[in-house]
């Protein structure tokens, strides 16, 4: 037999099954009181019980047969009619069982069903009574019984109609509520989709932050058709270069609060960033950091979402509202989803911004290299060539007046030309050391030491632990070479050092230490650093930037009259880099 399933229960079936059980219990009590429980017609009641068990199982599974209501009413009429005939009509203590089909008809078909089922039962009762007795007066009892059945059916159909209408209205309210929830959820998903689309369509850092805040505030609004809640505060705070949280974008924050900075190490913010989990704050006034911002103090609740990816903590996403209980689980879940998307977008935007900054920095480095080359050419070979030209002019005059004095002067010109040639070759070597590409870092440093000694008479001692270079990529070796070259150039030009030592050796686990030490005049590191923007030289800046290229940490030690030591700690793995920079921050 074809079946039809439903996601929701059939309420009318449950009422019919329940009433049938009540009627069966009443029939069992009536038969028991009559003292004839084991009579043969009572087997029909067992059939009725089995039939009701089947209907109960179908109702529990939310399943209906085809023409379920008609079959249910038909079975009740058949079983009850046969039982009335077999049990002796009105002589049976359960003769009133005829009310069962009327209750079923009233539930399934309301009053129309009652006016179908009632006449059938009256005809059955009258037929059985007429067959048992030929007296006309005996028909009065089935007529009265039928009238009572009709009245009961009408009353019950009215009650069932009202009950079913109430149930339908309640069901409609539930459906409307579900539709509203579905609509709100769809709007929320649309907001998330809009956020994702907006964030993936731009890599502009400021636009990403503004989009994150605007779309988050819009998605938190439970009813998108109403105006946005102007009491809801939203703030994006990011870490600056000084490792403090600064307001990067905000909504409904006072101008004074926008200038506020937080350490992000205590209270809810510190806990959220440290544990990488959102934190709900219900007592903002007692929070050591949030209470420093006046706008947050009036908020009865705040939700802090950490903007963090792995070891990189970018900042915190803050939402506040003066109404307690505003941040429901649904709202917090929405913020979590949007916050996760925001972290990815901020990470991408920052990476893009870093690439732009790196490009600009490389352009500046190239420009500085050209300027440095121009200065070196002007201070060295250019002056030497000019001196050679002047001496040649002098020799020309001596050849006409004092031939013997011309010979020594030619020797001095030759020496000057040789020295100039060495300087030019040294510059070419530092611009592109081919030996570095062909033979590696150790050979390049040794070659640079020899050329520096030959050109400028500076003694340079090289000590390199070659085990460090076995797995070191060539790009990192090139950076180390130029760090050494920059430090030696600074020692030659500014420190007037006669001796320089260069050491590259292991320092702890997976960290290499590069040390360049000279015996020059030294300098006050703090004083030079404070006034560095007024200097024409960029030696310290170049050292620091080149150390950053290998993810290293630069340390300068110097004092007037005591020489200078340049130390660069170079991590050889990502784990070592994390340890090194964490220790440097402390």
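Scanning the stretch 521-538 for residues that are surrounded by 10 or more Cβ atoms within 10 Å (Cβ to Cβ), at pLDDT below 70 and within 42 Å of the chain's Cα centre (by Cα) yields 530, 532, 538. Among the residues making up the stretch 187-211, none is loosely packed, with under 13 Cβ neighbours inside 10 Å and at pLDDT 75 or above. Applying the set (1) at pLDDT 75 or above; (2) under 22 Å from residue 121 (Cα atoms) to residue 64 leaves exactly one unmet item: (2). Candidates are the residues of the stretch 489-502 that are in a helix (DSSP H, G or I) and touching a strand residue (DSSP E or B) at 6+ places or on another chain (Cβ under 6 Å); the one that is nearest to residue 455 (Cα to Cα) is 491. Between 295, 334, the distinction of being under 24 Å from residue 244 (Cβ atoms) and either in a helix (DSSP H, G or I) or not assigned by TED's automatic domain parsing to the domain that holds residue 208 (or both) belongs to 295 only. Look through the stretch 393-452, keep the residues that are outside any helix (DSSP H, G or I) and closer than 30 Å to residue 465 by Cβ, and return whichever of them is modelled with the lowest pLDDT. The extreme case among them is 432. Against the criterion of being modelled with pLDDT under 90, over 16 Å from residue 236 (Cα atoms) and surrounded by 15 or more Cβ atoms within 10 Å (Cβ to Cβ), residue 328 does not qualify. Condition (residue is touching a strand residue (DSSP E or B) at 6+ places or on another chain (Cβ under 8 Å), in the same structural domain as residue 275 (by TED's automatic domain parsing) and not in a helix (DSSP H, G or I)) applied to the stretch 342-359: is it met by at least one residue? No: the stretch 342-359 contains no residue that is touching a strand residue (DSSP E or B) at 6+ places or on another chain (Cβ under 8 Å), in the same structural domain as residue 275 (by TED's automatic domain parsing) and not in a helix (DSSP H, G or I). For the stretch 298-325, taking the residues that are free of Cβ contacts under 8 Å to residues at least 40 places away in the same chain and not in a strand (DSSP E or B), the one that is nearest to residue 257 (Cα to Cα) is identified as 298. Residues in the stretch 11-34 that are in contact (Cβ under 8 Å) with a residue 40 or more places away in the chain and under 20 Å from residue 167 (Cβ atoms): 11, 12, 13, 14, 15, 16, 17, 19, 20.
The values are calculated or read from the model by the stated rules, or taken from the named source; none is laboratory data. All of these numbers come straight from a predicted model, not from anything done at the bench. So basically every Cβ, Gly included, is an ideal-geometry build from the backbone, and we count neighbours across all protein chains shown.
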